[in-house]
Amino acid sequence: MTPESKHIAAALTEAARSIDGQQSLEHTLDAIVRAAQETVPGFEHVGISVTNGGTIETRAGTGRLVWEVDELQYSLGQGPCYDAIRHGGVMVMEDVHSEDRWPKYVAEVERLGLRAQMGLQLYNEVGALGGLNFYAKEPGIDPDAIQLAELFAAHAAIALGRSRYEHQLKESVASRQAIGTAVGIVMERYQLTEDRAFQFLVRASSTSNIRLRAIAQEIVAAAEEQADPKAIPTRRVQEERAQAQAVQEQGA
């Protein structure tokens, strides 16, 4: 194994360790961009963007240039990294002076001192997670850069995928706990069975166009804030009584 190969292997190993460890997502992404910066030839800076619903945000970067270039792409809705995230694959800009795919972006980004750029979509079986982005102040892309970048992109996708799964799991547990507690409060307050109390919450959610979990959290929070656990704000009392009565009449 050549010294260069050993260096690449060591960088990938360190990135893998950061994913397998107990560090935060921010720490893991930071470790990945810095390892990629040291290993992938031809680029001064590396960043990671993450999709959040319909928006994209930069979560890690090796320098201020990363955030400046990314903000420009997000605001214009175009650029190598933006297109890689939205449409997939690898987007390469060899030289800003000869680039014609993103006219508005090219006109602005040259002022920031950028000459070449590469973006790779981060994805898993669910869909796009974000992008791994590379930035250079000199034109040209090293032939080996894309293959090496794809290895780091795979590590970043694993980290993001795991983080989202863990977040969704925590959200699901928290939601079930809030709904279960709210059902208990409603059962006691209106002398309803568990099924009827749950129907009460569902009806309240439907008529108010508020998510079931939010309704449950409001009921729990209101009960916790009062000296008397059965006392809640007057408007909510009236709404709850109406909902409870409707549920009881429905079951009669």
Inset, instruction - Place a +1 charge on the Cβ of each Lys and Arg in segment 69-119 and a -1 charge on the Cβ of each Asp and Glu, then give the dipole magnitude about the Cα centre in debye, rounded to the nearest 20. - result: 100
Inset, instruction - Provide the gained length on full extension for the span S98 to Y165, in nm with one decimal, where the gain is 0.36 nm per separating residue minus the Cα-Cα distance. - result: 20.0 nm
Inset, instruction - Considering only protein heavy atoms, with the full assembly of protein chains and a 1.4 angstrom probe, order D83, D30, D144 by accessible area, largest first. - result: D144, D30, D83
Inset, instruction - Keeping every protein chain in place, order K137, K104 by accessible area at 1.4 Å, biggest value first, i.e. largest first. - result: K104, K137
Legend entry - Gain on full stretching of the segment that runs from S175 to V202 - 0.36 nm per residue minus C-alpha separation: 8.3 nm
Inset, instruction - For N124, enumerate residues with amide H under 5 Å from its amide H, sequence gap 5+ or separate chain, H modeled in the peptide plane. - result: L129
Legend entry - ³J(HN,Hα) computed for each position of segment 187-192 - Karplus, 6.51 cos²θ - 1.76 cosθ + 1.60, integer Hz, glycine/proline x: 4, 5, 5, 10, 6, 9
Inset, instruction - Could you tell me whether segment 27-141 comes out rounded, prolate or oblate from its Cα gyration tensor? Rule is a ≥ b ≥ c as square roots of the eigenvalues, rounded for a/c under 1.5, then prolate if a/b exceeds b/c, otherwise oblate. - result: oblate
Inset, instruction - Would you kindly find the accessible area of R34, with a 1.4 Å probe and non-protein molecules such as ligands, DNA and RNA excluded, rounding to the nearest 10 Å²? - result: 100
Legend entry - Label-point separation in nm, T193 to R64, each point 7 Å along Cα→Cβ: 6.7
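The values are calculated or read from the model by the stated rules, or taken from the named source; none is laboratory data. Because the structure is predicted, anything quoted here is derived from the model rather than measured. Reconstructed Cβ throughout: ideal geometry from the backbone, glycine too, with neighbour counts over all protein chains shown. Heads up: the accessible areas ignore ligands, DNA and RNA and are worked out on the full protein's heavy atoms, side chains in. Shrake-Rupley method; radii C 1.70, N 1.55, O 1.52, S 1.80 Å.
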